[in-house]
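The values are calculated or read from the model by the stated rules, or taken from the named source; none is laboratory data. Note that this is a predicted model, so its numbers are computed, not measured. Note: ideal-geometry Cβ built from the backbone for every residue, glycine included; neighbour counts use all protein chains shown. Surface areas here come from the heavy atoms of the whole protein model, side chains and all, with no ligands, DNA or RNA. Shrake-Rupley method; radii C 1.70, N 1.55, O 1.52, S 1.80 Å.
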Amino acid sequence: VELRPLSPHYHQETTIIMLRHCVQSAKRQQGGGLRWCSSLASSSVDHNSDSRQSHHQKAAAAAHHQFTKRHFGISRHPDPLAKHGSINAIDDDDDIADSGVAARVTADDLEYGEIGEANAMSLQMKAMSSAWQDGNNDNGDDDDGSDLFDSSDFGRGGDDDGDDDMEEDPADAEFHARQQQIKEELDQRTGRLWTDEWIIPEEEWLSNKTWDDIEEWKPQLATRKSLESVKVFEGGVPTLQQLSELDLPPSLSVHPGHGSPKQYATHRKKHIKSRLKMAIQLSIHDDLQKILQMESWSDKQEAVDALFEVIEDRVREREPVLGKQPEFGAMVENGLEQVLRMVQGRMRGAASKVVDDASDDAAEDSDNTDGEKAAANEDSKDDVLNVVGEETAVPVFMDVANVKNAPNSAFLAKSNDSGIPNLIYPLNVHHREGVGRMVEEWELAANKETRRIMMRDATKAIASKIVDATNCCDSSVSDSEKGAARVLVTGKRGVGKTAALAGIVASARVSGHIVVYLPDGDRLRRHGFYIEPCNHRKGLYNLPMIAQEFCEQLLTSHGDDINKMTASEETMKEFLTNDQIKKVVKKANDDEEESEVEMPLTLDKLLNVGSESSSLSSGCYLSVISTLMNQTEKPFTIVADEFNCYYDHGHYFHMDYDEDVKKAIPLNKISIFKPFMDAMGLYPTIAGNDISRDDAIDASQAMMKWGSVVAAVSESKAVRRTFTKSLTESANALAENENPVNVVEVRRFSNVEVQHILYNFEITGIGRLRFDRGTTTLNPEEVEYLRMVSGGTGQHLMDACMIP
């Protein structure tokens, strides 16, 4: 088929044809009164009286006098009562007076007819265009509709009331007023989603800036507000004792949808009481000052009664949302009564204190001027009226890269090539060279001189459990007072469990603990290279390559702390055969003659042999661990992250355990995992493998004599949720035991913590806050937006700060 170009006036002419058809169809259907065309079928009804009918209307009525037919406007849906044919064309039997205009072009003509300027269709379209523009017909029937658009009745449906002015319906007027009010209210809103300008101006498009043209980050770019608000621990990293005594703000309460609605309801009640208490104090502060200055008791009573009459309205003005509570009045009256009783009690206490200290302060008062005495009285009165208490505590950061009281180990005082402080070794860059998404924050930071971790109430709780159970920070503690603690850390994904464990590791090492840190439980339970039966201990299995790695890590981090500790021969015989002991001793003494071998061996030599020999690594490592758990010279702490991964489906198989090699070996039957799993003593009812108490050592005997075991679950690994839940339930069941398992939940960030995290991001230069210059941190609406989109979760908050 040969395609020819369309006429240059094709679209204009087509539009004219369709518009004319609409006008004429409306005239026929309405009997002359023009209304908008509808896709619904309608009968021809004469809406105008005979006296007001024009000659156009009479002609249309005469044409349709014989019969009534259903007509259509332009529609996609045909009428089932109409005869077949083109729905957009006038029917053949419509008795319309000939207006001298060429025949109308149908849709079939447009689709199948020849296209070109010389064909019949083009001629018809040109004739129609000229007839429409001309407005004069030979038969005198001005059927082109030109007078309709100039008529005063156009658009009014042919009403014959004669009113030229349309009166707006009161309901419509009210609706439009409401819409205008809403529009004005929306125009006044500011902040994210209201004032975002997602438009790149032309000057930005035309600029030739490259990455090299961006200014270099410098600490001076941080705002004064951020620098003054962020509080870093003075010594860099506190000891466990100092950490347990810090004044830190509470985290956000547990979400009611996470299975603890009662706990959240208790939190909400306390929060409402606190807000009412604050509103009441602000509402009665001036009245209380006047009441305290009154001399007569009756005057005071009348003033208090008047205060009870107006307090509800005052507090409702300050707290309009709480004012909608059904028992708001009773809550306010009870709150006011408590405040007045508190003020009265403080007044009595202050008065008794003045009487007791009167003789001691007599000489000092004689030297004070009247102005100083008046100022002192005003200060004491303000203290009495301050029923809310001191201002809210703020978060405190530890800086693991700038430690003043560094441990004795020279290695722990340095950082690796990636800038990660060795104080939290072996935590490394995520994820190919180590684990822990917390390190990602340090990689993205422009300031490489600081490595900060926020100390939160959960971190403080873990440190308190360790200090209370072990008395590890008292140098004069006796052996009978030394103990051990078991702590399980739980929490939703991204709330900061890994950061809390890293802070505990740093604080424990600064406190003088020997720490075994296992941050990557998911890797350890799957990628052990190969497994083999333990010939010396039936029923157990060894992971030689993982044991070799453990020996190297412990020797690197605490080699200076254990170089004077020795492993007895009885301890070594528990994990090594006689032939293996001879090999160990020979390697430890640089292949000297057996007669010159020194016994017992120091722990650093055992670890050195284990790190060099895979066949001896398991026995050497277990000998060192057993020695550390049974000594009271230095506190020994094991910190294991992703602990719930050990209770998932196993990944280690061997024919000695199952001939069909279908059942995985439980991890408490693998020698290097057995010590701390027996020490935790958790045996959930639902687990991925057969972890049971059958071959386990009792927790009271498996625990170290002086130290702690801290384990944390992970929500970011592929572990079935029922396994994690069952593990947590088994820990809660042992919370009231004689040797309890303390469960600490890391919750979401509170508003104060979110604000200080953003301050820290600006100071260290992370994401879009690097060159922000306070645009985010000083804007309460932007801070609230980031808190909302992150849900108080650390990972989501950092992600939100990456994108403008």
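With the structure loaded, tell me whether Lys290 is open to solvent by less than 70 Å² (accessible area, probe 1.4 Å) and over 30 Å from Val746 (Cβ atoms) or whether it fails that test. No; evaluated as a whole, the condition is false for this residue. Answer with yes or no whether Glu319 is at pLDDT 90 or above and open to solvent by less than 80 Å² (accessible area, probe 1.4 Å). Taking the combined requirement at face value, the residue satisfies it.
None of Ser708, Ser671, Ser700, Ser692 is more than 18 Å from Phe529 (Cα to Cα), touching a strand residue (DSSP E or B) at 6+ places or on another chain (Cβ under 8 Å) and of a type in the set (Ser, Thr, Tyr) except Ser708.
Take segment 235-270 and flag every residue that is of a type in the set (Ser, Thr, Tyr), open to solvent by less than 50 Å² (accessible area, probe 1.4 Å) and out of contact with any His (no Cβ under 8 Å at 6 or more places or on another chain). I'd like the intermediate steps shown before the answer.
So the first thing to find is which residues in segment 235-270 are of a type in the set (Ser, Thr, Tyr), and the list is 239, 244, 251, 253, 260, 264, 266.
From what is left, the residues that are open to solvent by less than 50 Å² (accessible area, probe 1.4 Å) are 239, 244, 251, 253, 260.
Thr239, Ser244, Ser251, Ser260, listed by residue number.
For segment 411-430, a residue qualifies if it is touching a residue at least 60 places away in the same chain (Cβ under 8 Å) and surrounded by fewer than 18 Cβ atoms within 10 Å (Cβ to Cβ), and exactly one does: Phe411.
For Gln301, indicate whether it is farther than 17 Å from Val339 by Cα and either touching a helix residue (DSSP H, G or I) at 6+ places or on another chain (Cβ under 9 Å) or polar (S, T, N, Q) (or both). Taking the combined requirement at face value, the residue does not satisfy it.
With the requirement that a residue be open to solvent by 50 Å² or more (accessible area, probe 1.4 Å) and of a type in the set (A, V, I, L, M), what does segment 529-578 give you? Once the filter is applied, which keeps residues that are open to solvent by 50 Å² or more (accessible area, probe 1.4 Å) and of a type in the set (A, V, I, L, M), segment 529-578 yields only Met545.
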